[in-house]
Each structure stands twice: as C-alpha cells, then as structure tokens.
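First the structure, in the form of structure tokens, and then the observations on it.
The values are calculated or read from the model by the stated rules, or taken from the named source; none is laboratory data. For clarity, every value in this text was computed on a predicted model and none was experimentally measured. Ideal geometry is used to build each Cβ from the backbone, glycine not excepted, and the neighbour counts take in all protein chains shown.
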Amino acid sequence: MELFAPEALAALGQVIIADLALAGDNAIVIGLAAAGLPKELRARAILLGIIAATVMRIGFALVTTQLLAVTGLLFAGGILLLWVCWKMWRELSTPHTAEDAGVEALANADLNADGAVATGVPRKTFGQAALQIVVADVSMSLDNVLVVAGIAREHPAVMVIGLVLSIALMGLAASFIARILSRYRWIAYLGLLVILYAALKMVWDGWHELEPVLMQAMG
C-alpha cells in the first residue's frame, strides 16, 4: 500500500511532529487569551477557542489542497510558512512566564505552585478574549493545514491522516499537549525544524512551477 511506502512513512512522521508542535502552540495561545478572564468565564472561552480551531482546520483543509494546485500559490504558501517559522523561533527563544500562565489556564490548575492559577496576565472582557482567540485560530489553523499539505501533498493518504490528526489533537488533547510541550521544549524545536523543511520544500517546488510561467511572460 502507498501508505506503507518508505517516503509516505517518513512524511507521516514529519506530519505527526508538526501537528503536535502546532496544536500545542495554538492551545497555549488560547490559554493565554483566556487567562485574563475571571475563573467562571475561562473554561467557556477555552472551549470556544478549541471548537473554533477545530472548525477552521476542517474548513481550510477542504480548500487548501485545491489552492496549492494553482500555479504560484505553492510558492506563496512556502513564504508564509517561513514567516511562521520565524514567529515560532521568537516564541521559543523568549521567557516562558506568559506561556506558563496559558498552560495553567488550559489545565485550570496551579502547575507552578505559586498559590494561584494564571497570574500576571492583564484582565480583559469575554468579548476581548473571544476576538483574540478567533483571530489567532484563523492564522494558526491555516498554518497547520499548509504544513500538512506541504509535507504530504504527494501522499494523499498521509495528508488525510495528518489533517484528521490535527483536528483531533485540538478537539481532544489541546491542554495535555500544551503541558507536554511546556515541559519538553525539544519537541517544539523538532516541530520547528520539520515546518522549516516543509516551508523550504514548498518554496523550492513552487519556484520551479512558477519559473516557466514567469519566463514565458517575460519572453
């Protein structure tokens, strides 16, 4: 079967690592947005964020694979993922105080034993938190679907598994993954390397698709 070919299995491994890194990153952003809310509103905001991220992943998955077949958009998607890599690198190399608050908000537990849950985060209204969550979900869900499509576009079965996994991770295990990534930072760095590889491959392949069109237009 195509799924068990060495190239497909390698792509599947890369997709799983990228899905873990991006799902954890998305979950922490949701937790951070909700951390500024009163305790009684926090769980509602987190649930909203996870549902929105799940729905957006499904929506983007339905159109992204078709869009990447359009000449030039594979190259543009690669450039977008390079920006995602830069953003992830900056997040990984900055202090984790705020991130810890996001993880605590997701878990609704005092993980650092400081006597309070998600401290040190500015207060906000439910509307402000919901807007922040939805905007972040749009960006990060598109990133996730682009990564999966970029890695596995030559292996349709792997692409489907990767997209289903990314949806399942956000819907069922967001809090758990966020805690794992917060404790084991090397998983996030490994995910960053996989996403960087996918971005460079998309730029390379996209350029080779685009170059004949540009040459023809210039000629």
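Confirm whether LEU32 is at pLDDT below 75, outside any helix (DSSP H, G or I) and over 21 Å from VAL158 (Cα atoms). Even if it seems obvious, please write down each step before you answer.
Values: at pLDDT below 75: yes; outside any helix (DSSP H, G or I): no; over 21 Å from VAL158 (Cα atoms): yes.
So LEU32 fails the test.
For the structure I just gave you, tell me whether GLN66 is in contact (Cβ under 8 Å) with a residue 40 or more places away in the chain and assigned to a helix (DSSP H, G or I).
Answer is no for this residue.
Of all residues in the range 188-209, how many are of a type in the set (A, V, I, L, M) and either in contact with an Asp or Glu (Cβ under 7 Å, 6 or more places away or on another chain) or surrounded by fewer than 17 Cβ atoms within 10 Å (Cβ to Cβ) (or both)?
Number satisfying all stated conditions: 3.
Of the residues LEU92, LEU41, LEU81, which single one is modelled with pLDDT of 75 or more and under 17 Å from the mean Cα position of the chain (by Cα)? Can you show your working first?
Values: LEU92 fails: modelled with pLDDT of 75 or more; LEU41 fails: under 17 Å from the mean Cα position of the chain (by Cα).
Checking each option against the conditions leaves just LEU81.
Quick test for you: out of THR71, THR54, pick the one residue that is touching a residue at least 60 places away in the same chain (Cβ under 8 Å), surrounded by fewer than 22 Cβ atoms within 10 Å (Cβ to Cβ) and outside any helix (DSSP H, G or I).
One residue alone meets the criteria, THR71.
For a quick check of your reading of the model, give me the residue pairs whose first member lies in the range 172-192 and is within 22 Å of ALA43 (Cα to Cα), whose second is among the small types (Gly, Ala, Ser) and at pLDDT below 70, with beta-carbon atoms closer than 6 Å and at least 6 apart or on different chains.
Listed pairs, sorted by first residue: SER175/ALA107.
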